[in-house]
Amino acid sequence: MGTYQNSLTGSEGAKSTLKGKTVTKNTSKTAVITKIQAFAQTFYANPALSDDQIAALGLAIHGGGGAPITPVSPNSLVADAFANGAVKLKWNRGTSPQGVSFVVQAWDGNTWNVVWVTTKTKTQLNGYAPGAGVTFRVYAQHNNTASPTSNEAIIYGAGESAVLKLAA
């Protein structure tokens with residue numbers, strides 16, 4: 001019994017020592033990664049460095065790695081208006097991959113204005129006068145490439161009943 005107890009105590013001590021060394025190693029690793037990320041950001045932000053020079057540092061080149069992201073038109077846009085002036089919009093991303101932004105536009109009677117940008121497929125906008133007609137549409141965007149716009153969703157449009165939903 002004494003031998004077993006001594007072995008167990010020794011094992012627990014070794015386990016505790018290992019745990020402490022693991023914590024120290026992980027802390028050091030995190031500090032090194034943070035420093036490397038700071039250097040990499042500095043290199044990427046320097047327009048004087050060519051892609052070949054960045055690659056020579058062992059970093060991925062600008063725009064390298066992976067196929068280009070092509071945004072696809074969102075669909076099934078729905079707008080729900082509430083008595084407190086909030087409008088909830090939701091849509092389907094279609095086949096647009098992760099990494100695209102969705103640009104929400106509203107028609108002011110003369111032009112389409114950007115009112116929100118998000119990576120999600122729903123949003124809530126505030127400050128719309130209950131009963132005042134507004135038309136919304138959404139398009140997907142990645143870098144300088146934009147998809148065609150979605151269907152239009154109208155709140156309080158002509159010919160629709162102007163029923164307000166109670167704000168939750």
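The values are calculated or read from the model by the stated rules, or taken from the named source; none is laboratory data. On a predicted model such as this, the values are computed, not experimentally measured, just so you know. Using ideal geometry, Cβ is built from the backbone for each residue, glycine included, and neighbour counts are taken over all protein chains shown. Surface areas here come from the heavy atoms of the whole protein model, side chains and all, with no ligands, DNA or RNA. Shrake-Rupley method; radii C 1.70, N 1.55, O 1.52, S 1.80 Å.
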Quick check, is residue 84 at pLDDT 90 or above and open to solvent by 50 Å² or more (accessible area, probe 1.4 Å)?
yes
Within segment 98-151, take every residue that is of a type in the set (A, V, I, L, M) and loosely packed, with under 11 Cβ neighbours inside 10 Å and give me the one that is farthest from residue 88 (Cα to Cα).
114
Residues of segment 46-56 being surrounded by 13 or more Cβ atoms within 10 Å (Cβ to Cβ) and assigned to a loop (DSSP other than H, G, I, E, B), which ones?
49
If you take the residues of segment 106-128 that are of a type in the set (D, E, K, R) and part of a loop (DSSP other than H, G, I, E, B), which of them is farthest from the chain's Cα centre (by Cα)?
108
Return yes when residue 10 is exposed (fewer than 13 other Cβ atoms within 10 Å of the Cβ) and in contact with a strand residue (DSSP E or B) (Cβ under 8 Å, 6 or more places away or on another chain) and no when it is not.
no
Which of the residues belonging to segment 77-105 are in a loop (DSSP other than H, G, I, E, B) and among the hydroxyl-bearing types (Ser, Thr, Tyr)?
95, 96
